[in-house]
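Colleague: Can you read through this structure? Questions will come right after.
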Amino acid sequence: MIGTLVELARTFALLSLVSIGGINALLPEIHRQVVEVHGWMTDAAFANAFAIANASPGPNVILVSLIGWQVAGLPGLLVATLAIMVPSCALAFLAGRGMARFQHSPIVGLLRDALVPVALGLMLAAGISMMRTVDHDVPTVAISLAAAAFIYATKRNPLWVLGLGALVNVAVLHLP
Amino acid sequence: MLNDRPLRSVGKTELFLGFLKIGLMGFGGVAPWARYVIVEERKWLTDKEFAELLGVGQILPGPNTVNASVIIGDRFQGPVGVLLCLLGQMAMPVVIVMALAVVYEHLSNVPEVRAALIGVAAASAGLVLGTALKMIRNIRPTPRALLVVGLGFAAVALLRWPLVPVVVGLVTLALVLGFLPLLKRGR
């Protein structure tokens, strides 16, 4: 048990340090480590965990929490979650402090301005990639586009969009 | 990073509750909800400041919104703020994911449940798309910056190039484009 926890901690702490682009970019490597290298989960169990994590709200690192839980119970959940969070968060903390300290330096100013369009382009791409993964018929494409228009045009709570998306797609199921 | 204007102070409870909401609502990606709560609803940051932090979060390892929230927590309430932001955004999702894991076997066979989940996922994708478009509208990037936005979008969404080299290339390009006008002025 302790051995498994140590292995969980080591595996996910290392992954945390290389997880540029977040968990989705890391997914193939997580799968390789969990299923092939350590044999903690079967392929089917991993696919299930992925589906469950996707259906849950929150940052998608909760996939790692779920893997930890299924491998070693509550201690596994805590260890895996901390291991994937702490190294990258510590780096972010240091980077934030560094940028605040040198906030008047022209180089930091340049970097800040440069990062804005990068973030915008990638977010735009993420929206389209998600649509391509999820939207396989006319109703789902319509839901996505309507949701995008709603968010773009109003300041209302996005929860309306999620609720209506669910309702519409269930209603479509019962159309004659 | 927030040196362009005086910091609006954000208390510890407010920080925790804000991120609790972000975590609880963040289906299919936290970024749109983070923007909604932080920029639109509570006005802790402007769109530009939020995009800067998201960009910083992107070039560091780890999920970009989690990284951004670490920096936000530190700016408003120091290390305690960091812990509050992280706890707030993880607490409910972890409980929910465990509950879902327990009932998933039964629920995943109910067609209505499947349809509802797919509907939420489709709406979430639209949420990300709409939020990105709205941020572009509000920030009004320069033509040079728009070029970077367009190239990043094309590389990842259309050509499906791997993220890490794209990010490295884009940041380099954006830095060069930002540096050119300075050179001209210096001459």
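Colleague: What are the residues in segment B:149-182 that are open to solvent by 70 Å² or more (accessible area, probe 1.4 Å), touching a Leu at 6+ places or on another chain (Cβ under 7 Å) and either at pLDDT 90 or above or not aromatic (Phe, Trp, Tyr) (or both), if any?
Modeller: B:151
Colleague: Just the residues that are over 16 Å from residue B:59 (Cα atoms) and either touching a residue at least 40 places away in the same chain (Cβ under 8 Å) or of a type in the set (A, V, I, L, M, F, W, C) (or both), please, taken from segment A:126-137.
Modeller: A:128, A:130, A:131, A:134 - these are the residues of segment A:126-137 that are over 16 Å from residue B:59 (Cα atoms) and either touching a residue at least 40 places away in the same chain (Cβ under 8 Å) or of a type in the set (A, V, I, L, M, F, W, C) (or both).
Colleague: Report yes if some residue within segment B:48-56 is more than 10 Å from chain A (Cβ to nearest Cβ) and acidic (Asp, Glu); otherwise report no.
Modeller: No: zero hits.
Colleague: Working carefully through the options B:91, B:101, find the one that is assigned to a helix (DSSP H, G or I), among the hydrophobic types (A, V, I, L, M, F, W, C) and without any contact (Cβ under 8 Å) to a residue 12 or more places away in the chain.
Modeller: Matching residue, one of B:91, B:101: B:101.
Colleague: Any residue that is closer than 24 Å to residue A:134 by Cβ, out of contact with any Asp or Glu (no Cβ under 6 Å at 6 or more places or on another chain), part of a loop (DSSP other than H, G, I, E, B) and within 11 Å of chain B (Cβ to nearest Cβ) - is there at least one of those in segment A:42-53?
Modeller: The answer is no, given that none of the residues of segment A:42-53 is closer than 24 Å to residue A:134 by Cβ, out of contact with any Asp or Glu (no Cβ under 6 Å at 6 or more places or on another chain), part of a loop (DSSP other than H, G, I, E, B) and within 11 Å of chain B (Cβ to nearest Cβ).
Colleague: Still on this structure, please answer the following. Pairs, please: C-beta under 7 Å, at least 6 apart or cross-chain, first residue in contact (Cβ under 8 Å) with a residue 60 or more places away in the chain and in segment B:26-48, second open to solvent by 10 Å² or more (accessible area, probe 1.4 Å) and hydroxyl-bearing (Ser, Thr, Tyr)?
Modeller: Sorted first by the residue in segment B:26-48, then by its partner, the pairs are B:31/B:65.
Colleague: A further question follows. Can you tell me which of B:112, B:105 is at pLDDT below 90, surrounded by fewer than 19 Cβ atoms within 10 Å (Cβ to Cβ), out of contact with any His (no Cβ under 8 Å at 6 or more places or on another chain) and within 9 Å of another protein chain (Cβ to nearest Cβ)?
Modeller: Just one listed residue meets the conditions, B:105.
Colleague: With the requirement that a residue be of a type in the set (Gly, Ala, Ser), at the interface with chain B (Cβ under 8 Å from one of its Cβ atoms) and in a helix (DSSP H, G or I), what does segment A:54-80 give you?
Modeller: Answer for segment A:54-80, where residues must be of a type in the set (Gly, Ala, Ser), at the interface with chain B (Cβ under 8 Å from one of its Cβ atoms) and in a helix (DSSP H, G or I): A:55, A:65.
Colleague: I would also like to ask the following. Among (1) surrounded by fewer than 20 Cβ atoms within 10 Å (Cβ to Cβ); (2) over 18 Å from the mean Cα position of the chain (by Cα); (3) aliphatic (A, V, I, L, M), where does residue B:133 come up short?
Modeller: (2)
Colleague: Determine whether residue A:129 is within 7 Å of another protein chain (Cβ to nearest Cβ), of a type in the set (Ser, Thr, Tyr), open to solvent by 30 Å² or more (accessible area, probe 1.4 Å) and part of a helix (DSSP H, G or I).
Modeller: Yes, satisfied.
Colleague: Let me ask something else. Quick one: in segment A:132-145, which of the residues that are of a type outside the set (D, E, K, R) and either at the interface with chain B (Cβ under 7 Å from one of its Cβ atoms) or in contact with an Asp or Glu (Cβ under 8 Å, 6 or more places away or on another chain) (or both) is surrounded by the most Cβ atoms within 10 Å (Cβ to Cβ)?
Modeller: A:143
Colleague: With the checklist (1) over 21 Å from residue B:70 (Cβ atoms); (2) small (Gly, Ala, Ser); (3) more than 8 Å from chain B (Cβ to nearest Cβ) in hand, flag the one item residue A:98 doesn't pass.
Modeller: (1)
Colleague: What are the residues in segment A:1-21 that are open to solvent by less than 90 Å² (accessible area, probe 1.4 Å) and out of contact with any strand residue (DSSP E or B) (no Cβ under 7 Å at 6 or more places or on another chain), if any?
Modeller: Across segment A:1-21, the qualifying residues are A:3, A:4, A:5, A:6, A:7, A:8, A:9, A:11, A:12, A:13, A:15, A:21.
The values are calculated or read from the model by the stated rules, or taken from the named source; none is laboratory data. Quick caveat: nothing in here was measured; it's all calculated off a predicted structure. With ideal geometry, Cβ positions are generated from the backbone for all residues, glycine too; neighbour counts draw on all protein chains shown. Note: accessible area is taken over every heavy atom of the protein model, side chains too, but ligands, DNA and RNA are not part of it. Shrake-Rupley method; radii C 1.70, N 1.55, O 1.52, S 1.80 Å.
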